[in-house]
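The values are calculated or read from the model by the stated rules, or taken from the named source; none is laboratory data. Given the structure is predicted, the values throughout are model-derived calculations rather than measurements. Glycine also receives a Cβ, built like all others from the backbone with ideal geometry; neighbour counts cover every protein chain displayed.
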Ligand code: NAD
């Protein structure tokens, strides 16, 4: 997609209709009692829209619609070719409307438009398309029985799925859940994060245009303690697919135990290491990846590689190069394609990140760069990037998930120490390793307890590769890849006895 000027995206923003109503049973609806919450543009502090704050009664209505649609079989039991065609149409409509959706998401989340266009113009529709194309290529199994029986092992949709989403990648996280859930034949009730409901509400409208039967996809915006809790405790939801913080993930396990023992898939926080061994070449590409792995999306990224573990002999050279590259980052208007860093998602979140930074100073971390910005004094929630050196593993900023533009360097003496530091975390989502020695790279990768290891590049993989966490970063569930289907399917055995018509 050709990237246009800031004026172009501001013009789209001026024309956009903002609808904050819930989407239940194929139509927009207000929440019970007209309950609303405000969504704010984090770049300007202006109120963008009043968004429905769905109450328990609204969640009940959405779940009832999803259950009715699941039972009537119009989606759950329809021909695979039809399901595939509808999802391919949805992917196509997202591409057609990607500029509008990207502007909506940029306004609502503060994410730079360049990133929104990449995610919504490419990754979101590609995800829906990838799962659509899997639908008529997935086969069941036949068990190796004797001649007296035929045993079929088939996979069936789990039923009604509740998806609960974070604000940092609003439509992409939705696509990671909706792609495999809808491809499996499930009905879905999605709760977007309260800060970022708008782009998903528009996508729900497009799903009807694509031919998805009413009730298969419902969107219930609302606060965690009301709407999220109602989904977690609901007796007629069969599975919850959650992405968010580890603390809230823990709550969903409790909700399941306190209700119908629904299956819970968890994708949660991280504190990921970026390991630079002593033989790594500090190439421009490495430095760029180091900086972007920490500051991409303002560091509001579950796999942000904030803990940069660097051979002590290289620390000063490394810091010099990192600071040089960080100082080039453009902070500003999210609708300007030249912007690298937008604001934090809310002022409250910025205050949390600032609290971590202050504790870093108190604990004695050395500040190597602070990109303080005059925009921080304005009505938005801007925060410049900061680079700390000489972190030690016992410091809070080296252990806790910050979720903001903070990069910290931890010097180490050898590979054993690098591995020990990288592993000293309650999380296990992602790690990056840079070395010219493939034996060292693979040995470190094998010994790291985390779901994704990137070698000589920063990446979360692509749609074909599963993404999820070890330890307190996740459960056994995975997003992306064929592995993601497991969250939305259950296995059935059909055992058919065969009477022998022939004498042996
Ligand atoms: P969060 O846990 O605060 O919120 C996530 C969702 O849970 C939101 O929809 C929220 O409304 C809901 N929620 C909050 N309190 C709830 C409650 N009491 N009961 C039910 N639902 C509740 O997370 P966030 O701040 O939106 O997102 C940031 C977190 O998400 C970070 O920890 C980040 O690492 C994680 N994340 C993980 C991945 C991954 O793939 N592993 C991807 C993106 C973000």
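Scanning segment 164-179 for residues that are in contact with a strand residue (DSSP E or B) (Cβ under 8 Å, 6 or more places away or on another chain) and within 14 Å of the ligand (Cβ to nearest atom) yields 164, 165, 166, 173, 174, 176, 177.
Of the strands (runs of 3 or more DSSP E) contained entirely in segment 27-112, those carrying at least 3 residues that are buried (at least 18 other Cβ atoms within 10 Å of the Cβ) fall at 36-40, 47-52.
Apart from one condition, residue 291 fits all of (1) farther than 30 Å from residue 439 by Cβ; (2) outside any loop (DSSP other than H, G, I, E, B); the exception is (1). Of the residues making up segment 304-333, those that are assigned to a loop (DSSP other than H, G, I, E, B) and either crowded, with 24+ Cβ neighbours inside 10 Å or at pLDDT below 95 (or both) are 304, 305, 306. Inspect all residues belonging to segment 257-264 and state whether any of them is more than 21 Å from residue 469 (Cα to Cα), surrounded by 21 or more Cβ atoms within 10 Å (Cβ to Cβ), in contact (Cβ under 8 Å) with a residue 60 or more places away in the chain and in contact with a strand residue (DSSP E or B) (Cβ under 9 Å, 6 or more places away or on another chain). No, because not a single residue in segment 257-264 is more than 21 Å from residue 469 (Cα to Cα), surrounded by 21 or more Cβ atoms within 10 Å (Cβ to Cβ), in contact (Cβ under 8 Å) with a residue 60 or more places away in the chain and in contact with a strand residue (DSSP E or B) (Cβ under 9 Å, 6 or more places away or on another chain).
Quick check on segment 336-348. Is at least one of its residues part of a helix (DSSP H, G or I) and at pLDDT 95 or above?
So in segment 336-348, the residues part of a helix (DSSP H, G or I) come out as 347-348.
Next, from what is left, pick out any that are at pLDDT 95 or above: 347-348.
Yes, some residue in segment 336-348 is part of a helix (DSSP H, G or I) and at pLDDT 95 or above.
Can you confirm whether residue 185 is assigned by TED's automatic domain parsing to the domain that holds residue 486, in contact with a helix residue (DSSP H, G or I) (Cβ under 9 Å, 6 or more places away or on another chain), within 11 Å of the ligand (Cβ to nearest atom) and farther than 20 Å from residue 97 by Cα? The answer is no for residue 185. Here the strands (runs of 3 or more DSSP E) wholly within segment 194-280 that include at least 3 residues being within 15 Å of the ligand (Cβ to nearest atom) are 239-243, 263-267. Number of residues in segment 466-479 that are surrounded by fewer than 23 Cβ atoms within 10 Å (Cβ to Cβ) and within 13 Å of the ligand (Cβ to nearest atom): the value is 6. Is it the case that residue 146 is within 16 Å of the ligand (Cβ to nearest atom) and either farther than 28 Å from residue 302 by Cβ or outside the structural domain of residue 403 (by TED's automatic domain parsing) (or both)? No; evaluated as a whole, the condition is false for this residue. Taken over segment 387-398, the criterion of being touching a strand residue (DSSP E or B) at 6+ places or on another chain (Cβ under 9 Å) and outside any strand (DSSP E or B) is satisfied by 390, 391, 392, 393, 395, 397, 398.
Taking segment 404-420 as the range and being under 29 Å from residue 372 (Cβ atoms) and within 28 Å of the chain's Cα centre (by Cα) as the test, the residues that pass are 404, 405, 406, 407, 408, 409, 410. Of the residues making up segment 52-64, not a single one is within 30 Å of residue 375 (Cα to Cα), over 26 Å from the mean Cα position of the chain (by Cα) and assigned by TED's automatic domain parsing to the domain that holds residue 169. Scan segment 480-493 for residues that are more than 14 Å from the ligand (Cβ to nearest atom) and in a loop (DSSP other than H, G, I, E, B) and report the count. Total meeting the criteria: 0.
In a residue-by-residue description of segment 407-415, the property of being in contact with a strand residue (DSSP E or B) (Cβ under 6 Å, 6 or more places away or on another chain), in a helix (DSSP H, G or I), assigned by TED's automatic domain parsing to the domain that holds residue 294 and closer than 17 Å to residue 293 by Cβ applies to no position. For segment 164-193, the candidate set comprises residues that are within 14 Å of the chain's Cα centre (by Cα) and part of a strand (DSSP E or B); within that set, the residue that is farthest from residue 246 (Cα to Cα) is 190.
Each row is one residue, and each column tells you yes or no for (1) at negative phi; (2) at pLDDT 95 or above.
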residue	(1), (2)
5	yes, yes
9	yes, yes
12	yes, yes
15	yes, yes
18	yes, no
22	yes, yes
25	no, yes
44	yes, yes
49	yes, yes
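Checking each residue in segment 430-477 for being in contact (Cβ under 8 Å) with a residue 60 or more places away in the chain and assigned to a strand (DSSP E or B) picks out 430, 431, 432, 433, 434, 452, 467, 474.
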